[in-house]
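Down below is the structure, laid out as structure tokens.
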Amino acid sequence: QVKIVESGGGLVQPGGSLRLSCAASGNIASAYVMGWYRQQAGKQRELVASLTTATTLPNHDETKYAESAKGRFTIFKAAAENTVYLEMDNLKPEDTAIYYCNLFMTTGAYWGQGTQVTVSS
């Protein structure tokens, strides 16, 4: 069983910051990428940021960001933890969405339940 729990969403004013957390547990030994996606109202789910977590891969610790996230968002993993964070700074109203954590494993992709982020004054 794989369990993914997200937290950290909420309401923030434009220009503010939030930190999302994604804790993975269970049989996750074959996990190799963790990432954050978001789905805005009426739109398809899109990648926000990803991190290659598998130490056996040559691109271990490689990060990827959507153009809209570059320079404002940072994805990172706490050492010795199966938790990935998304630090979001200088938030804009267009960042409003449900944010989902994703775990890619050799057995398939796993999703969290999502956490709402609302950027509004």
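Using 19 Å as the cut-off for backbone N distance, which residues of the stretch 1-19 belong to the label zone defined by a point 7 Å from the Cα of Gln113 along Cα→Cβ? So the set is 1-11. Close lysine pairs were tallied over the chain: pairs 8 or more places apart or on different chains with Cα atoms under 19 Å apart number 4. Across the alpha-carbon atoms of the chain, the computed radius of gyration and Dmax are 13.9, 45 angstrom. So if R0 is 22 Å, what FRET efficiency would Lys3 and Thr56 give, r being the distance between their Cβ atoms, rounded to the nearest 0.05? My answer for the efficiency is 0.45.
Show me the GluC sites (Glu not before Pro) within the stretch 75-121 that DSSP assigns to loop and that have at most 11 other Cβ atoms within 10 Å of their Cβ. Can you show the working numbers first?
Numbers: sites: Glu81, Glu87, Glu94; in loops: Glu81.
Filter output for the stretch 75-121: Glu81.
Expressed as a whole percent, the accessible area of the chain that falls on carbon and sulfur atoms is 49 (1.4 Å probe).
Quick one: accessible area per residue over the chain, 1.4 Å probe, rounded to a whole number of Å²?
On the way: 6420 Å² over 121 residues.
Accessible area per residue: 53 Å².
From largest to smallest, the equivalent ellipsoid semi-axes obtained for the stretch 67-121 from the alpha-carbon gyration tensor read 23, 15, 10 Å.
The residue list Gly42, Ala29, Leu11 was ranked by how far each Cα lies along the charge dipole of the chain toward its positive end, using unit charges on Cβ atoms, and Gly42 comes out on top.
The values are calculated or read from the model by the stated rules, or taken from the named source; none is laboratory data. For clarity, every value in this text was computed on a predicted model and none was experimentally measured. Neighbour counts run over all protein chains shown; Cβ positions are idealised from the backbone, glycine included. Please note that ligands, DNA and RNA were not included when accessible areas were found on the heavy atoms of the full protein model with its side chains. Shrake-Rupley method; radii C 1.70, N 1.55, O 1.52, S 1.80 Å.
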